[in-house]
1. Which of rounded, prolate, oblate describes the chain, given a ≥ b ≥ c as roots of the alpha-carbon gyration tensor eigenvalues and a/c under 1.5 marking rounded, otherwise prolate only if a/b is larger than b/c?
2. When only C-alpha pairs under 8 Å and at least 6 residues apart count, what is the relative contact order of region 121-183, in percent?
3. Taking the simple approach of a point 7 Å from Cα along Cα-to-Cβ for both TRP150 and THR47, what is their distance in nm?
4. Once both axes come from the Cα atoms, what is the angle between helix 260-280 and the longest principal axis of the chain, in degrees from 0 to 90, rounded to 10?
5. How far, in nm, would the chain grow between PHE75 and THR106 when pulled straight, counting 0.36 nm per residue and subtracting the alpha carbon separation?
6. If R₀ is 30 angstrom, what is the calculated FRET efficiency for the pair LEU16 and ILE272, using the beta carbon separation as r and rounding to 0.05?
7. Do the alpha carbons of any pairs in LYS104/LYS203; LYS85/LYS287; LYS56/LYS283; LYS56/LYS241 sit beyond 28 Å of each other, and which pairs?
8. What's the carbon and sulfur percent of the chain's accessible surface, probe 1.4 angstrom, rounded to a whole number?
Amino acid sequence: MIEHNPWLDRFCWLLLTLSIVLMCFPIYYCFVAATLSLSDVTHTPMTLIPGMDLLKNLKDAIGKGGLATQMLNSFIMASGITLGKISISMLSAFAISYFEFPFKKTAFWLIFITLMLPIEVRILPTYEIAANILGPFKKVGELFDYTIYWEYSILNSYSGLILPLTASATATFLFRQFFLSMPDELTDAAKMDGATPMQFFRKILLPLSKTNIAALTVIIFIYGWNQYLWPQLITTTDDMKTAVMGINNLIPKEDELPEWNIAMAGSLITMIPPILVVVFMQKWFVKGLVEESK
């Protein structure tokens, strides 16, 4: 029996409304600032009524910050990280869930432990490998008195932006839990039909994992889009910088004219792709979270 209390319902609606206002106000403030002229945005206190200079400020932000190229770089980086994380996580979870091999549990826990090693912790060795992928092989060669002279760097490249961020212990764990929830009858039926392991993965597990993939796609895409530290470290040329780095270039520096309206316009531009991903995949995202919790 469910008891409805009108006062409790009103309190919940009030709390929800206040929460929405608190979360959306910074975005609205950013939007208003992006529509004002320089004199209006520097006026204290700044008005909360939108102005008429939005298109001008957006154009100036794109021209001054080079956001067109940077948005493309961020999209390629976020898409590559998303595709890489999901692909590697699904295959590793498939191997851990359905195959028996020595030190299987050890392999899983080694993957799980990497949750405690974010990119900030391993950034120096990751940078060393990105600067010379053959570096580890060079160290091994030195043990056997063999010198490797070749060097290959992925700095200032899309592969350098994407590859070091593709491994994901969280996604591997989630896919493993989902695969373990699959009934054994599916595996037995696939074996009776003569399906190979990869056919079972491609024709049965992959279609059943669509909602999980959709939910992780939203989370991982936003994660890749918002990356700042790693792109800041490995990119030194303007043609490889990302949109988040471009916003930093729009922020007024010391002894510069504080054009906060242009900086806010640039922030609005960089928010568009993640918002579109969430809007268009909201149904699948919610469905994936609900099914994951069952």
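1. Oblate.
2. With pairs under 8 Å counted, the relative contact order is 27 percent.
3. It works out to 6.5 nm between the two label points.
4. On a 0 to 90 degree scale, this one is about 40.
5. Here the answer is 7.6 nm.
6. Computed FRET efficiency for LEU16 and ILE272: 0.70.
7. Over 28 Å apart, Cα to Cα: LYS56/LYS283.
8. C and S fraction of accessible area: 70 percent.
The values are calculated or read from the model by the stated rules, or taken from the named source; none is laboratory data. Quick caveat, the model's predicted, so the values are computed rather than measured. Note that we place each Cβ from the backbone using ideal geometry, even for glycine, and neighbour counts take in every protein chain shown. Side chains are part of the model used for accessible areas, which takes the heavy atoms of the whole protein and leaves out ligands, DNA and RNA. Shrake-Rupley method; radii C 1.70, N 1.55, O 1.52, S 1.80 Å.
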